[in-house]
Structure formats: C-alpha cells, structure tokens
Amino acid sequence: MYNSGLSSAPNSARVHYYVGLYKVKPDYLETLPENQRDAAFNDGVSHLQQSTELYPYFTDAWTQLGIASYRVKNYPEALKYYDEAIKLNPYDPVVLNNSGSVYFDMQNYNEALKRYQQAVKYKPDYADAYMNIGSCYGVGGL
C-alpha cells in the first residue's frame, strides 16, 4: 500500500510521513526478525525526515521524529525534533509534555517541570502532565 503511494507521489510529505510513521512503530518492528529491526526503524526515520524536508511546517512529522528518537534514548535528537514542533506550535500540550519527559529522563528536572507546567497551562485537564509534575517533585526533589 505505502510503496504504491511512494511510486505515485514520491514528493508527497504526507506519504513519506505515513510510511515513516508505520516503520518506526514498535508494533510493526516487533513483527520483523530482530536483525531487520534497526534498518526498518532507520528507514522510517528517513521517511519522516523526508516529510519535513518536503514540508518544513509539518508539526506532526517533527513530533513523530521526537517520539522515535526518544524511544531509542537519543535524547539530544528527540529534543531537537520536539523543539522544531514547538517552534511551529508553541501551544501543543502533548509536545510540551513529551519534551518535558526527555528532560526528565536526562535528570534535568527544572526544565522538565517548566515544560510540564506549560503543557497544563494550555490544557488544564491534562492528567499525564500533572502526574509528570508530581514526578519532578518526588523523584527530582524539587
């Protein structure tokens, strides 16, 4: 299905996005033999990057690149991608929360707390962000 989309619309940011999104998902990667997973993941990341090259304002693609990088614990890359998404939409509570989680895992609890607080500022009922704020105070000792 996706290969036909790539052949018929090789310059479509959306097609590259969906191919990349599919290939970086853990559910898909787990269906592959272990020796093929890294290559498939990297190919997915490449397609997501291609989607941002074709359409630099593609916030969802930047966000998915951040998620993919976070999953493999490449925190500097995850922050780079999340920051691009935040530049495009500084009011997105999910991206703010996700970037806070990167800072949290890097043990930068002050910056994590700032991101989580921004997330609840824009979505006051965001339970995950409130839980993460509590973790900053509990684990981070703030």
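Values in this text are rule-based calculations from the coordinates and carry no lab data. For clarity, every value in this text was computed on a predicted model and none was experimentally measured. Every residue, glycine as well, gets a Cβ built from its backbone with ideal geometry; the counts of neighbours run over all protein chains shown.
List of remarks:
- Note on the chain: with a GNM built from Cα contacts shorter than 10 Å, the maximum mean-square fluctuation among Asp128, Asp27, Asp92 falls on Asp27.
- Total lysine pairs in the chain at Cα distances under 24 Å, for residues eight or more apart or on different chains: 13.
- Highest-fluctuation residue, Val72, Val120, Val95 considered, GNM on the chain with Cα pairs under 10 Å: Val72
- Taking every alpha-carbon pair under 8 Å whose residues sit at least 6 apart, the stretch 1-113 reaches a relative contact order of 17 percent.
- Once the Cα-Cα distance is subtracted from the 0.36 nm per residue extended length, the Asn42 to Arg71 segment shows a gain of 9.2 nm.
- Dipole check for the chain: with +1 at the C-beta of Lys and Arg, -1 at the C-beta of Asp and Glu, and the Cα centre as origin, the magnitude is about 220 Debye.
- A simple rule links phi to the HN-Hα coupling: the Karplus curve 6.51 cos²θ - 1.76 cosθ + 1.60 with θ = phi - 60°, which for the stretch 53-66 gives 6, 6, 9, x, 9, 7, 4, 4, 5, 4, 5, 5, 5, x Hz, with x for Gly and Pro.
- Under Stokes-Einstein, with the Kirkwood radius over Cα pairs as Rh, the value for the stretch 76-142 at 4 °C and 1.567 mPa s is 113 µm²/s.
- Rounded tilt (10° steps) of 93-105 against the dominant C-alpha axis of the chain: 80 degrees
- Highest-first packing order for the peptide set 104-117, 39-52 is 39-52, 104-117, based on the mean count of other beta carbon atoms within 10 Å.
- Likely footprinting exposure, Leu21, Leu65, Leu29, fewest C-beta neighbours within 10 Å first: Leu29, Leu21, Leu65
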